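Asker: Structure incoming, see below.
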Amino acid sequence: MEDQQNFLYEYTKFCLEQAQHGVDTLGTKLSGVMEISALLLLGLRVTSTFQIYVKPEQAHLYFLYLTLKLSACVALAIAIAFAVLGLYPRKVSTTGLSPEVLTQKGESLQTAITTTWMQQISDLQAYKEARTAFLRKAMISLGIGIAIATFATTDAFFMAVSGK
């Protein structure tokens, strides 16, 4: 019986460390998405010199270009918002053992610790799932922003080079 308790204790400890590592990794990824989005957002200028390449009778092209760039900025801002929401701290759960658990008679301290850790693993898994959902949304928004910005910039470049 004691060997089983030791195994359960060690396995629960390992699972708790893995769950915490997963949450931390997702935080790093969310931070990366937020940084990339912010840098791209700062790099995109809503106004540009593209207007000098557009003939007056083709002014609608300039407004299309501005609309695309503005759309890219909005998509990048949404990516930042999802990343921030994903990084928002979770509800504080007890990370230690309560005095009641420590002074319990009738079950071993190792069993009490294992039970507490199991609850913490469950809480961390729920938090990890929420962070994963925000990471997916942030990455999709970042991809859309990059795609729109690339299309707008490439289209503007070809119009400027062709002189149309």
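The values are calculated or read from the model by the stated rules, or taken from the named source; none is laboratory data. Since the model is a prediction, treat every value here as computed from it, not as a measurement. Using ideal geometry, Cβ is built from the backbone for each residue, glycine included, and neighbour counts are taken over all protein chains shown. Remember, those area values only see protein heavy atoms, side chains included, never the ligands or the DNA or RNA. Shrake-Rupley method; radii C 1.70, N 1.55, O 1.52, S 1.80 Å.
Asker: Evaluate the range 87-98: report whether one residue or more is at pLDDT below 90, in a loop (DSSP other than H, G, I, E, B), out of contact with any strand residue (DSSP E or B) (no Cβ under 9 Å at 6 or more places or on another chain) and among the aromatic types (Phe, Trp, Tyr).
Answerer: Within the range 87-98, one or more residues are at pLDDT below 90, in a loop (DSSP other than H, G, I, E, B), out of contact with any strand residue (DSSP E or B) (no Cβ under 9 Å at 6 or more places or on another chain) and among the aromatic types (Phe, Trp, Tyr).
Asker: Further, regarding this structure: Write out, first by first residue and then by second, each pair whose Cβ atoms fall under 9 Å of each other, whose residues are 6+ apart or on separate chains, and whose first residue, in the range 128-146, is of a type in the set (Phe, Trp, Tyr) while the second is crowded, with 20+ Cβ neighbours inside 10 Å.
Answerer: Final answer for the pair search is Phe134/Leu26; Phe134/Leu30; Phe134/Phe82; Phe134/Ala83; Phe134/Gly86.
Asker: Could you tell me which numbered condition Phe50 fails, if it satisfies all but one of (1) at pLDDT below 90; (2) open to solvent by 50 Å² or more (accessible area, probe 1.4 Å)?
Answerer: Every listed condition holds for Phe50 apart from (2).
Asker: Take the residues of the range 56-70 that are closer than 18 Å to Ile144 by Cβ and among the hydroxyl-bearing types (Ser, Thr, Tyr): which is modelled with the highest pLDDT?
Answerer: Of everything passing the filter in the range 56-70, Thr67 is modelled with the highest pLDDT.
Asker: May I ask you to list the residues in the range 19-37 that are open to solvent by 50 Å² or more (accessible area, probe 1.4 Å) and either touching a Leu at 6+ places or on another chain (Cβ under 8 Å) or at positive phi (or both)?
Answerer: Gln20, Lys29, Met34, Ile36
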